[in-house]
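The values are calculated or read from the model by the stated rules, or taken from the named source; none is laboratory data. Because the structure is a prediction, the values reported are computed rather than measured. Note: ideal-geometry Cβ built from the backbone for every residue, glycine included; neighbour counts use all protein chains shown.
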Amino acid sequence: MPVTLTALHIYPVKSLSGIALQEAEVTPRGLRHDRRFMVVNPSGEFFTQRDIPRMATVWTEIEGGKLRLAAPDVGEVEVEAEPKAGDAMRVLVWNSTCDAIAPSPEADAWLTEYLGAPCRLAYMHDASKRQTNPRFGGEHIVSFADGYPFLVTNEASLADLNGRLSRPVPMNRFRANLVIAGAPAFAEDGWGDFKVGSTAFRMAKPCGRCQVTTTDQTSGEVMGPEPLSVLTAYRDSKEFGARFGMNAVALSGGTIRVGDVISA
């Protein structure tokens with residue numbers, strides 16, 4: 001059975017809900033629209049579900065050049081999906097400080113009300129260049145993802161993990177961009193360069209997982225120690241921690257589609 005791409009997801013705003021796609025444009029920073037926005041505090045420091053699990057319940061949609069955010073009981077707000085103007089600001093994501101703009105006071109107020117903390121919605125404009133760690137995968141740029149432009153997970157790896165859990169978890173706990181099927185469990189750990197259709201990628205490093213994997217991505221409820229505790233027991237490493245999935249970079253551009261054959 002060939003290895004194929006079975007799901008594609010973007011997360012327009014870091015740590016908010018994702019969007020399932022049938023096809024996506026590959027750019028050097030990641031899939032188009034993936035994590036170009038980020039919620040920050042007034043000082044520019046980033047928020048994630050690690051800080052506010054409720055972020056998982058903010059629904060996102062991109063249509064007609066607009067990004068729409070919606071959540072239970074608070075209505076919705078719209079911003080330009082690729083804004084050109086806004087308040088200039090410096091933002092911090094992990095150890096990276098980079099230029100951004102805050103394009104929408106309305107979105108700032110909406111997020112502040114729903115998340116219960118002073119928020120601004122920051123956008124990484126095209127002139128802002130955040131670098132990946134060149135030690136893994138070479139020199140590349142990335143949006144507001146934790147460290148790399150793409151995250152790849154494998155359905156067989158999830159099945160292996162779920163066989164060890166007291167209650168199985170869905171793939172959305174791992175917030176991947178590309179989901180594959182047809183390869184053995186954790187085969188992705190050993191891949192180097194690979195292609196999705198005709199678009200070339202390179203695996204950069206394992207993805208060390210955190211407590212976000214314990215948060216239900218529909219309800220925003222923290223469900224307990226699994227799956228992180230189990231991953232830590234059998235997939236731990238000194239350098240990367242509890243591993244699930246692989247970070248990747250693009251070696252070429254193009255459009256990838258669900259159903260594309262993967263060659264590794």
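In the set (1) surrounded by fewer than 17 Cβ atoms within 10 Å (Cβ to Cβ); (2) assigned to a strand (DSSP E or B); (3) among the polar types (S, T, N, Q), Ser43 fails one condition alone, (2). Residue check, Gln49 against (1) in a strand (DSSP E or B); (2) touching a Ser or Thr at 6+ places or on another chain (Cβ under 7 Å); (3) not assigned by TED's automatic domain parsing to the domain that holds Arg209, all met but one. Which one? Here Gln49 meets the rest and fails (1).
Per the listing Gly64, Gly18, the residue uniquely in contact with a Pro (Cβ under 9 Å, 6 or more places away or on another chain) and modelled with pLDDT of 95 or more is Gly18. Count of segment 6-65 residues, restricted to those that are of a type in the set (Gly, Ala, Ser) and under 18 Å from Cys98 (Cβ atoms), is 4. Would you confirm whether any residue within segment 176-188 is of a type in the set (Asp, Glu) and either touching a Cys at 6+ places or on another chain (Cβ under 8 Å) or not in a loop (DSSP other than H, G, I, E, B) (or both)? Yes, segment 176-188 has at least one match. Glu106 - would you say it is surrounded by 13 or more Cβ atoms within 10 Å (Cβ to Cβ), in contact (Cβ under 8 Å) with a residue 12 or more places away in the chain, acidic (Asp, Glu) and outside the structural domain of Phe174 (by TED's automatic domain parsing)? It is false that Glu106 is surrounded by 13 or more Cβ atoms within 10 Å (Cβ to Cβ), in contact (Cβ under 8 Å) with a residue 12 or more places away in the chain, acidic (Asp, Glu) and outside the structural domain of Phe174 (by TED's automatic domain parsing). For segment 220-264, taking the residues that are within 13 Å of Gly208 (Cα to Cα) and polar (S, T, N, Q), the one that is surrounded by the most Cβ atoms within 10 Å (Cβ to Cβ) is identified as Asn247. Residue check: Val230 meets all listed conditions (1) assigned to a loop (DSSP other than H, G, I, E, B); (2) out of contact with any strand residue (DSSP E or B) (no Cβ under 9 Å at 6 or more places or on another chain); (3) among the hydrophobic types (A, V, I, L, M, F, W, C) but one, namely (1). Within segment 233-254, the set of residues being assigned to a strand (DSSP E or B) and within 18 Å of the chain's Cα centre (by Cα) comprises Arg243, Phe244, Gly245, Met246, Asn247, Ala248, Val249, Ala250.
Would you please name the residue that is surrounded by the fewest Cβ atoms within 10 Å (Cβ to Cβ), looking only at residues in segment 136-157 that are more than 16 Å from the chain's Cα centre (by Cα) and either in contact (Cβ under 8 Å) with a residue 60 or more places away in the chain or not assigned by TED's automatic domain parsing to the domain that holds Met203 (or both)? The residue in question is Gly138.
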